[in-house]
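> Below is a structure I'd like to ask you about.
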Amino acid sequence: MTALAAPAGLQNADRETDPRDPEARLARLLDADSVVPLHPRDSSGALAARGRINGAKVLAFCTDATIMGGAMGVEGCRHIVEAIDTAVRERVPVVGLWHSGGARLAEGVEALDAVGQVFAAMTRASGRVPQISVVLGPAAGGAAYGPALTDLVIMAPAGRVFVTGPDVVRSVTGERIDMEGLGGPEAHGRRSGVAHVVADDEPDACARARRLTTLFARPGVFDLHAVRDDVEDLRAMLPESPRRAYDVRPLVRRVLDRDGAGSSFEELQPRWAPNIVVGLGQLAGRTVGVIANNPLRMGGCLDSASAEKASRFVRMCDAFGVPMLVLADVPGYLPGVDQEWDGVVRRGAKLLHAFAEATVPRVTLVTRKAYGGAYVAMNARCLGATAVFAWPEAEIAVMGAKAAVGILHRRELAAAPEEEREALRERLAEEHERIAGGVGRAMAIGVVDEVIDPAHTRYRLAEALAAAPAGRGAHGNIPL
Amino acid sequence: MAEEIHAEMVANVLRVEVAEGETVDRDATLVLLESMKMEIPVITEVGGVVARVAVNAGDVVRRGDLIAVVE
């Protein structure tokens, strides 16, 4: 607002210090001195440029929040479309920095049409080149759907994403809420799942965008020598009791390569549907995607939201040829009326579809147990897994042996004298496990390829992924 | 600031591991639930003082039920 009213000279002086300046923002995102604008700086409300991230070529654009709050008009949208189309032609990632109030009111329907053309360009690019959005300020109305159409959304603390703002919400529904409550990082990181990454501040948001872009742009190759001698009993990271829940994320971090002081794992949507963990990282020097049940949250059950979260991630990995590693420890699908009515059948079907259609190498490791429909959904052999491994004593079954016996032998158990009932249940469960469950049976019928030594987990997983022919799905990444 | 911790799913309360007034660290287990044949700890995402424990061992909690308040 002030930029519009200010005399031209002052505006230029502001530009150098204004933290919202698009040149400054692109300079923060891209390698030093690598920014080459695609067009002269103008008053269109957007700036598009070529540049590099850790040496890899990328296209980038930034809405210009110093002009009308970054509102999108015909000219600015044309720059954004050019950036996206150029990225597709040159097969490089495209990163968008967002700070925009939406379509320019003054340009009317023409602006709406232009914003729609940005959406169409993003959809053309979907699944062909990685598209990463960083929301640095408000991204309202039309500007909300821009990031939402891309593969990954990173939100800075000042990021606000909503279709209609607090004033409209209040006048229509009577609900009173501020911009942050409605569409801030907490709302989208925890409640809606719109944000894949919630950053600590604007520089952190750029740093996270750089790391994620690099995982796509420089995927590396499997170097089995790097993991051959890496021997550590990873099963020791699980609790002793098979019934006890644990946080799977330390295990995921350990399975993946170290990156400096920490792990290379970049978790996505960590606080939304936390019963499944998804993210990118490197294994033996190659970028991989990880999908893991997290027993710490809801026992690691699959449910409506987690199935949808995993589906979209699986399709993204497949679209960009990122091999997948699936860590299964799942007691089943969460039962409940709200689950059924919330579409657990419809959303669960997405996960089956996503894995079954994937052509990228994808290896499953059953660490403890995989029961029922959730077993199938976690990239089972029947869905076309490249390999299915299990750790010793893992159990694969329709349900736990004791629960199964309770149904199959209900009458026999009821007829038994009470003092003998538990012993009978134990004996029947053992028998049931021998014929119907247990990893031995799973291997005999070929749904598990091998029980692997947990100490060689990293090597065996990398070896299986490396041995498979590289694949890449020919499909877009619709925001499921 | 008070952080309310709610049940994420239907479960039996197996054990309550903290008392009201107790100081807890972030990621501490407040209550142990049993559901889907799993023992599932309810952890706090903030450290502080346990202002309230809303469940007892043996209770059944439904999704969204208040389990505890940490201040």
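FYI, it's all coordinate maths here, none of it is from the lab. None of these values were measured; they are calculated from a predicted model. For neighbour counting, all protein chains shown are included, and Cβ atoms are generated from backbone atoms with ideal geometry for every residue, glycine included.
> What value does the protein assembly as shown have for Rg/Rh, both radii from Cα atoms and Rh as Kirkwood defines it?
Ratio value, two decimals: 1.01.
> Moving to a separate point now. At 0.36 nm per residue, and after removing the present C-alpha to C-alpha distance, how many nm does the segment from A:Glu357 to A:Asp201 gain when stretched out fully?
52.4 nm
> Going by alpha carbons, how many degrees (0 to 90, nearest 10) lie between the helix axis of A:457-467 and the longest principal axis of chain A?
70 degrees
> Right, something else. Using the charge dipole of segment A:302-448 (Lys, Arg: +1 at Cβ; Asp, Glu: -1 at Cβ; taken about the Cα centre), state which of A:Leu327, A:Gly384, A:Gly348 has its Cα farthest towards the positive end.
A:Gly384
> Please work out the FRET efficiency for the pair A:Ala106 and A:Val168, using the Cβ-Cβ distance as r and a Förster radius of 22 Å; give the result to the nearest 0.05.
Efficiency computed from Cβ-Cβ geometry: 0.70.
> At 37 °C and 0.692 mPa s, grab the translational diffusion coefficient of segment A:423-480 from Stokes-Einstein with a Kirkwood Rh over Cα pairs, rounded to a whole number in µm² per second. Walk me through the intermediate numbers first.
Numbers: Rh = 15.2 Å.
Taking Rh from Cα pairs, D becomes 216 µm²/s.
> Let me ask something else about it. So if I place +1 on the C-beta of Lys and Arg and -1 on the C-beta of Asp and Glu, and nothing else carries charge, what would the dipole magnitude of segment A:43-154 be about its Cα centre? I want it in debye, nearest 20.
Value, rounded to 20: 460 debye.
> Further question on the same structure: Quick check for me: using +1 on Lys/Arg Cβ and -1 on Asp/Glu Cβ, what's the dipole size of chain A about its Cα centre, in debye to the nearest 20?
Working: 55 positive and 60 negative charges, 150 e Å.
Using Cβ point charges on Lys, Arg, Asp and Glu, chain A gives about 720 debye.
> As a footprinting exposure proxy, order A:Cys206, A:Cys62 by other Cβ within 10 Å, with the fewest listed first.
In increasing order of surrounding Cβ atoms, one gets A:Cys206, A:Cys62.
> Report the net charge of residues surrounding A:Glu107, where surrounding means a beta-carbon distance below 10 angstrom and charges are Lys +1, Arg +1, Asp -1, Glu -1.
-2
> What is the spin-label model distance, in nm, from A:Trp341 to A:Val231 if the labels are put 7 Å beyond Cα along the C-beta direction?
For A:Trp341 paired with A:Val231, the spin-label model returns 5.7 nm.
> Hey, with R₀ at 51 Å, roughly what FRET efficiency would A:Arg271 and A:Ala415 work out to, going by the Cβ-Cβ distance, to 0.05?
Once the sixth-power term is evaluated, E becomes 0.55.
> Name the residues of segment A:356-395 whose amide N is less than 18 Å from a point 7 angstrom out from the Cα of A:Met443 along the C-beta direction?
Backbone N within reach: A:364-370, A:381, A:387-395.
> Something else now. Can you give me the angle between helix A:304-319 and the longest principal axis of chain A, using Cα atoms only, in degrees from 0 to 90, rounded to the nearest 10?
So the helix axis and the longest Cα principal axis differ by about 70 degrees.
> I need the calculated FRET efficiency for the pair A:Arg244 and A:Ala423, taking r as the beta carbon distance and R₀ as 35 Å, to the nearest 0.05.
Efficiency at R0 = 35 Å is approximately 0.90.
> Beyond 19 Å, what share of the Cα-Cα pairs of segment A:99-168 remains, rounded to the nearest whole percent?
Considering segment A:99-168, 34 percent of its Cα-Cα pairs are separated by more than 19 Å.
> Here is a follow-up. Can you work out the base-10 log of I(q)/I(0) for segment A:134-180 at q = 0.16, 0.23, 0.32 1/Å, using the Debye formula on its C-alpha atoms alone?
-0.45, -0.79, -1.12
> I've got another one for you. So for segment A:179-296, averaging the separation of alpha carbon pairs under 8 Å that are six or more residues apart and normalising by length, what relative contact order in percent results?
Numbers: 154 pairs, mean separation 33.5, N = 118.
Once normalised by length, the contact order is 28 percent.
> So what is the relative contact order for chain A, in percent, with contacts set as C-alpha pairs under 8 Å and at least six apart?
Normalised by residue count, the contact order of chain A is 11 percent.
> Then there is this: By average Cβ neighbour count within 10 Å, what is the ranking of A:305-318, A:276-289 from highest down?
Working: A:305-318: 26.1, A:276-289: 23.9.
Output ranking for A:305-318, A:276-289: A:305-318, A:276-289.
> Run the numbers for A:Ala474 and A:Thr17: contour at 0.36 nm per residue of separation, minus the present Cα-Cα distance, in nm.
160.0 nm
> Another question, if that's okay. Running Debye on segment A:279-351 with equal point scatterers at the Cα sites and no solvent, what base-10 log of I(q)/I(0) appears at q = 0.14, 0.17, 0.19 Å⁻¹?
-0.47, -0.66, -0.79
> So for segment A:376-480, averaging the separation of alpha carbon pairs under 8 Å that are six or more residues apart and normalising by length, what relative contact order in percent results?
Once normalised by length, the contact order is 37 percent.
> Let's see if you can work this out: charge +1 on each Lys and Arg Cβ, -1 on each Asp and Glu Cβ, no other charges. What is the dipole magnitude of segment A:287-392 about its Cα centre, in debye to the nearest 20?
200 debye
> OK, next. Calculate how many DSSP beta bridges within the protein assembly as shown are antiparallel, expressed in % of all such bridges and rounded to the nearest 5.
50 percent
> For a quick check: with amide H placed at 1.01 Å from N, whose amide H comes under 5 Å from A:Ala139's, ignoring anything fewer than 5 positions away on the same chain?
Counting only residues 5 or more places away or on other chains, the set is A:Ser100, A:Arg160, A:Val161, A:Phe162.
> HN-Hα J couplings of segment A:134-144 from phi, Karplus 6.51/-1.76/1.60, θ = phi - 60°, integer Hz, Gly and Pro as x?
Residue by residue, segment A:134-144 yields 10, 9, 9, x, x, 9, 10, x, x, 6, 6 Hz.
> Of the trypsin sites (Lys or Arg not before Pro) in segment A:148-210, which ones lie in a loop per DSSP and count no more than 13 other C-beta atoms within 10 Å?
On the way: sites: A:Arg160, A:Arg170, A:Arg176, A:Arg190, A:Arg191, A:Arg208, A:Arg210; in loops: A:Arg176.
Those satisfying the criteria are A:Arg176.
> Now for a separate question. Select from A:Gly473, B:Ala19, A:Pro454 the residue farthest towards the positive end of the dipole of the protein assembly as shown; place +1 on Cβ of Lys and Arg, -1 on Cβ of Asp and Glu, and compute about the Cα centre.
Toward the positive end, the furthest listed residue is A:Gly473.
> How would you rank A:Met179, B:Met1, going from fewest to most other Cβ atoms within 10 Å of each one's own Cβ? The partial results should precede the final answer.
Details: A:Met179 17, B:Met1 6.
Ascending number of Cβ neighbours within 10 Å: B:Met1, A:Met179.
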